[in-house]
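Below: the structure, in structure tokens.
Just so it is clear, none of the values below were taken in a lab; they were calculated from the coordinates. In this text the structure is predicted, and so the values were computed from the model without any measurement. As a convention, Cβ positions derive from the backbone with ideal geometry for all residues, glycine included, and neighbour counts pool all protein chains shown.
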Amino acid sequence: MRAVIVNEVRQGFYLDSVALMRVSRTIANLNGIDKAALMMGTPANRKIMKDAGLLDDVGASAAGGDLVIGIRAKDLKTAEQALLQSQAMLDQPAADAGSVSWRPKTLRSAFKSAPDANFALISVPGEFAVAEARKAISQGLHTMIFSDNIDLAEEASLKQEAREVGRLVMGPDCGTAIINGVPLAFANRVPRGGIGIIGASGTGTQEVCCLIAQYGSGISHAIGVGGRDLKSEVGGISTLMALDAMESDTSTSHIVLISKPPPADVAARVLDRIAKMDKPATVCFIGADELPMPANAKQVFSLKNAAQTACGMGNEFMNAKVPEIIDTVPARRKQIRGLFSGGTLCAEAQIIFRAAEEAVISNTPIPGVLSLGVAKSGNTLLDLGDDKYTQGNPHPMIDPSVRDDAIIEALKDDSVAVILADVVIGYGAHYDPAGHLAGTITTHQPTYGPLVITSVTGTDGDPQVRSVQMSKLEAVGILVAPTNADAASWALSAIRSKA
Amino acid sequence: MSEPEFKKLLDEPLSVINAGLERFAQDLDQQGVKVVHVDWAPPAGGDSEFVKLLSRLETLSHGQEALTKRIEDANQKALKRMLSGDPVLVDVIPASEAIPELKEHMILHAGPPIGWNRMCGPMRGAVAGIAVFEGWAPDLKTAEGMATEGAFDFQPNHQFDAVGPMTGMTTISQPLLAVENRRFGNRAFCAINEGLGKVMRFGGNDDEVLNRLRWIRDVLGPTMGAALRAGDGMPLKGLVARGLSMGDEMHQRNIACSGLALRAMSPALAATATDTTILSDVLAFIAGNDQFFLNIAMAMGKAVMDPVRGIDASSLVTAMSRNGTDFGIQVSGTGETWFTAPVEMPEGLYFPGFTEADANPDMGDSTIVETIGLGGFAMGAAPAVAGFVGAGAASDAASYTRNMGEITLGENPEWTIPALDYLGVPTGIDIRLVVETGLAPTINTGIAHKDPGVGQVGAGVVRAPMACFKQALLAFAESVGVS
């Protein structure tokens, strides 16, 4: 190959050597270019260029204050094009790279960046979550741990340590909280008001918050405590701390406690604490039998009843009118297939079924409901957010498509009369779960297929907007009940109308 | 009943630190809630052995109060010694006077200990050159033969209160810059910077290189020494502070400090120089070398770090250095032990006609500059240098400095960076934090040709090898009774 050398001298044109080296590298990397250099024409630089075989008579005549462009290419045309490009790069003002925003890589340096921080939200993998939470607590931060897969003994010791320094640990496995009107992780935008919620369940707290909003009341704070806080090993440390805080919080006038049924010792401790308060409380131990309650507390058995009681709607619980279309399901279809993304919503549906004495199977059975492994056919209510389904998969509230296969299978199953599905919106959730569900149903719904009954947990203040989500479902013939409990009741009406 | 501590949170606006799912931080940010998102990664890259070790050494958990306090106290003491150092350039004296242990045929080199058989090309070239310069060999070829036969006693600079750039040759007759740490009374030494291009520190060894060294020995050294002795020396702390505000980071960019140093020395040089030709030559040499200050900064770094050595239970790095073959670090709590790993290749920009294929792996004692919080650690002060990172934009410079803040114990309140709202340079590298974060120190460096005698071919950025820090952490853990 016969190389061609092209030089150009720009008199009195100065550029920093680093800037010139960057242009040089770009030009040298062009196709057909052997070598290229842009340097100030000092004697030392001219010697470097000469040694590199980049200098001709033009460049050799340059002075120290001149810029020399030297290009060696396979032919003249290539060299001249490269020369044009290097000139263009010299004349072009540097593109604004945009200010690169730096982020701390450790909590330690985050504390330095935000010395006023008072709250840590931790969702790192479970094996590392406790160590990170300890750092936050030792810095005086209250901590919400979204992560799960944390050893129960570790949870207990972490909460004990935090309690000693007056810090609250929300979680592990705490999905939902609203503090000072700020929704954290999976939570909804609800009006502020006098009802304080303490929840050991994420979707349970979401449903109750949203129904309270729907009934025209508001939330002071919703404090998550994690699903195992009321286990004997932990002893309700966070729940008791939250009760203490709610008692002295003047914005809270009524307290709602939501949890799975606790063991007797912990239940007694928590109820004793409630008994000492001068504020009324609503206690919803999901799936529990009737327990003796203190005078200032009322036990309720569903999320809907919890919200209605807290809103002072008394004992006359309102049930939504069952739509007439329920009667159109073909008689040979007899079963209900519940496909839930929210665990507590699935549990509440089981409560409705159990109360109606309708046999049902679940992968997360409440007392009195058959386990999936035991019974194979019949009404089935599945929590698709259960660990067993989410290992290696996103949670269905984040990615509704993980529910698609189960929905399609149910649509094609001749024995299925009703598909019961929840739609949970709000911060953290998918941006359009109703749109996704409507799309799946319209694509796969056979003629005379099963009814689809849903409810939307959320508010019109949420980014997805509840009324918009409801319209998307109704537009494709999906029934939308006002609450999760009503959706379950409608499903029961549908199969019982055949009887 | 008194109000519970936790209740306060219900009355305050939230200020959240989010670690994990970024979505949660975005949601909060959209709602106008103050949130800092942590770009979180598993500690120690998820290496369970080191995760366990780090939690016992108190960066990942607490619980062993006594050990926590012991390490923290030791590190605070070390950091305090660093920050209270008062380095002053006091003299230029012959190496024989500065380092009495130096003898004929003894060669101090950069980096951790190394013998001739493992030395890289440029280091061998420099050895041959310096042997001719000292008159130990008539020519380069003979010098190489002598080296092969074991005629020279090779020792690391760091062992003799000295540092040297790149190959770092220090021998008996060279003039050395002397920096005194007036707070602690110790001195440290470094040869004078030879200028850019073909020079001995990059392995250059021809007549041009050797003649320049002779002029430095016979003219520049004595002239500078006389000027410095005429006054009370040149205090360096303030000078470096001004250099930082003028865009220097003191490793790859020393333009401002070289100018400031020349300005400070000029009157005394004029007053003490024996004739005007010498004065003119000396002024021209210093003025013509943008990196002149680098060697002063290195001696300063050594003078500041030496009093920090040997503090029991301190995990602070006292030296980082490389010999072109190995990268080595020393840690206060583990004394003089070197922890070494194969040195890495710099990534950077090359002079015309040269490519990565010509480059020698990273080399020199100049990383003492990063050890005291300058160089790659002060990149935010010198956006012009950030171009060396390759594709990195000038605006990336600040991120380099902030990232180094993740692995250091504090900031230097006197050495601040105006563009970072006067953030102090990150100071006091803690080996525990390096291993925990997986962030190795960033080093700004020159790149030498891999063959002897060619010289500098580019400049760039290199990372200290993580393996050095992991080894050091294991030894440190043992030194405090944790295994």
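Side notes on the structure shown:
- Efficiency of FRET between B:Ser96 and A:Lys47 - r from beta-carbon atoms, R0 35 angstrom, step 0.05: 0.45
- Using every pair of distinct Cα positions in the stretch B:87-302, the Kirkwood expression returns a hydrodynamic radius of 17.4 angstrom.
- Sorted by Cβ neighbour density within 10 Å, fewest at the top, the residues A:Phe13, A:Phe146, B:Phe354: A:Phe13, B:Phe354, A:Phe146
- Magnitude of the charge dipole, the protein assembly as shown, Cβ model with Lys/Arg +1 and Asp/Glu -1, debye to 20: 640
- Projected area, mean over directions - the stretch B:1-40, Cα convex hull, nm²: 3.4
- 21 Å Cα-Cα threshold exceeded, pairs from A:Lys279/B:Lys34; B:Lys52/B:Lys80; A:Lys260/A:Lys304; B:Lys237/B:Lys302; A:Lys260/A:Lys388: A:Lys279/B:Lys34; B:Lys52/B:Lys80
- Test item: Cα-centred dipole of the stretch B:1-40, Lys/Arg +1 and Asp/Glu -1 on Cβ, debye: 20
- Principal axis dimensions, chain A - Cα atoms, whole angstrom, descending: 101, 62, 40
- Whole-Å semi-axes of the ellipsoid equivalent to the stretch B:334-443 (Cα gyration tensor, √5λ, descending): 24, 21, 11
- In sequence order, the stretch A:383-389 has phi-based couplings of 9, 7, x, 5, 3, 4, 8 Hz under the Karplus curve 6.51 cos²θ - 1.76 cosθ + 1.60, θ = phi - 60°, and Gly or Pro positions carry x.
- Over the stretch A:324-496 - Rg/Rh using Cα atoms and the Kirkwood inverse-distance radius: 0.93
- Debye, to nearest 20: dipole size of the stretch A:400-488, +1 on Lys, Arg Cβ, -1 on Asp, Glu Cβ: 120
- Full extension of the chain between B:Thr142 and B:Arg463 gives 111.9 nm of extra length, using 0.36 nm per residue less the Cα-Cα distance.
- The residue list A:Ser238, A:Ala156, A:Pro191 was ranked by how far each Cα lies along the charge dipole of the stretch A:107-310 toward its positive end, using unit charges on Cβ atoms, and A:Pro191 comes out on top.
- 0 to 90° range, to nearest 10: angle between helix A:152-164 axis and chain A longest Cα axis: 80
- Each Cα pair under 8 Å and six or more residues apart adds its separation to the average, and for chain B the resulting relative contact order is 19 percent.
- Kyte-Doolittle at least 1.6, axis length at least 15 Å by Cα - qualifying DSSP helices, chain B: B:276-287
- Point-to-point label distance, B:Gln31-A:Tyr448, nm (Cα→Cβ direction, 7 Å offset): 4.9
- Inter-label distance, A:Ser415 to B:Asp39: 5.4 nm, where each label sits 7 Å from its Cα along the C-beta direction.
- Residue by residue, the stretch B:367-373 carries 3J(HN,Hα) couplings of 5, 4, 5, 5, 4, 9, x Hz when phi is fed to the Karplus relation 6.51 cos²θ - 1.76 cosθ + 1.60 (θ = phi - 60°); x denotes Gly or Pro.
- Each 10 Å bin from 0 upward holds the following percent of the Cα-Cα pairs of the stretch B:383-483: 14, 34, 31, 17, 4.
- Rounded, prolate or oblate (a/c below 1.5 giving rounded, otherwise prolate when a/b exceeds b/c) for the stretch A:138-183 by Cα gyration tensor: oblate
- Surrounding net charge for A:Met40, when Lys and Arg each add one and Asp and Glu each subtract one, Cβ distance under 12 Å: 0
- Around the amide H of A:Lys260, modelled in the peptide plane, lie the amide H atoms of A:Ile286, all under 5 Å away and 5 or more residues distant in sequence or on another chain.
- Cα gyration tensor shape of the stretch B:64-174, rounded if a/c is under 1.5, else prolate or oblate by comparing a/b with b/c: prolate
- Scattering profile of the stretch B:220-263 at q = 0.15, 0.24 Å⁻¹ [log10 I(q)/I(0), Debye over alpha-carbon scatterers]: -0.42, -0.83
- Using alpha-carbon coordinates, inclination of helix A:76-91 to the longest axis of chain A, degrees: 60
- Sparse-neighbour loop sites [chymotrypsin sites (Phe, Trp or Tyr not before Pro); the stretch B:375-483; at most 11 other C-beta within 10 Å; DSSP]: B:Tyr422
- Positive minus negative residues near A:Asn118 (Lys, Arg vs Asp, Glu; Cβ under 14 Å): 0
- For the stretch B:159-190 versus the stretch B:452-483, the gap between their alpha-carbon centres in whole angstrom: 22
- Computed from phi, the 3J(HN,Hα) profile of the stretch A:173-182 under the Karplus parametrisation 6.51, -1.76, 1.60 (θ = phi - 60°) reads 6, 9, x, 9, 7, 10, 10, 6, x, 9 Hz, with x in place of Gly and Pro.
- Against chain A, whose longest principal axis comes from its Cα atoms, helix A:433-444 is set at around 80 degrees.
- Summarising the amide proton neighbourhood of A:Ile219: residues at separation of 5 or more, or on other chains, whose placed amide H is nearer than 5 Å comprise A:Arg192, A:Gly193, A:Ile195.
- Within straight-line cross-link reach of A:Lys74, lysines at Cα separation under 29 Å, skipping those fewer than 8 residues along the same chain: A:Lys35, A:Lys47, A:Lys50, B:Lys450
- Charged neighbours of A:Arg167, selected by a Cβ distance under 11 Å, balance to +1 (K, R count +1; D, E count -1).
- The stretch B:292-362 shape via C-alpha gyration tensor axes, a/c threshold 1.5: oblate
- Normalised by 2.2 N^0.38 Å, where N is the number of residues, the alpha-carbon radius of gyration of the protein assembly as shown equals 1.20.
- Percent breakdown of C-alpha pair distances by 5 Å bin, ordered from the shortest bin, for the stretch A:104-166: 4, 18, 31, 25, 15, 5, 1
- The simple spin-label model puts a point 7 Å past each Cα toward its Cβ; for B:Glu336 and B:Glu65 those points are separated by 3.9 nm.
- Per the Cα gyration tensor, chain B maps to an equivalent ellipsoid with semi-axes of 41, 25, 22 Å, ordered largest to smallest.
- Length gained on full extension, B:Glu208 to B:Ala230, computed as 0.36 nm times the residue gap minus the Cα-Cα distance: 4.8 nm.
- Normalised by 2.2 N^0.38 Å, where N is the number of residues, the alpha-carbon radius of gyration of the stretch A:144-258 equals 1.00.
- Mean ellipticity per residue at 222 nm, deg cm²/dmol - from DSSP H runs of n ≥ 4 across chain A, formula -39500 (n - 2.57): -10500 deg cm²/dmol
- Where Rh is the Kirkwood radius over Cα pairs, Rg/Rh for the stretch A:4-91: 0.92
- Per residue of chain B, the DSSP helices (runs of n ≥ 4 H) give a summed -39500 (n - 2.57) that works out to -10500 deg cm²/dmol at 222 nm.
- Along chain A, longest interval not containing exposed GluC sites (Glu not before Pro), exposed being DSSP loop plus at most 14 other Cβ atoms within 10 Å: A:1-232
- At most 10 other Cβ within 10 Å, DSSP loop - trypsin sites (Lys or Arg not before Pro), the stretch A:357-425: A:Lys376
- Amide H contacts of A:Gly171 (H built 1.01 Å from N, under 5 Å, at least 5 apart or other chain): A:Ile145, A:Val225, A:Gly226
- Taking 0.36 nm per residue of sequence separation and removing the Cα-Cα distance, the A:Glu127/A:Ser377 pair yields an extension gain of 86.2 nm.
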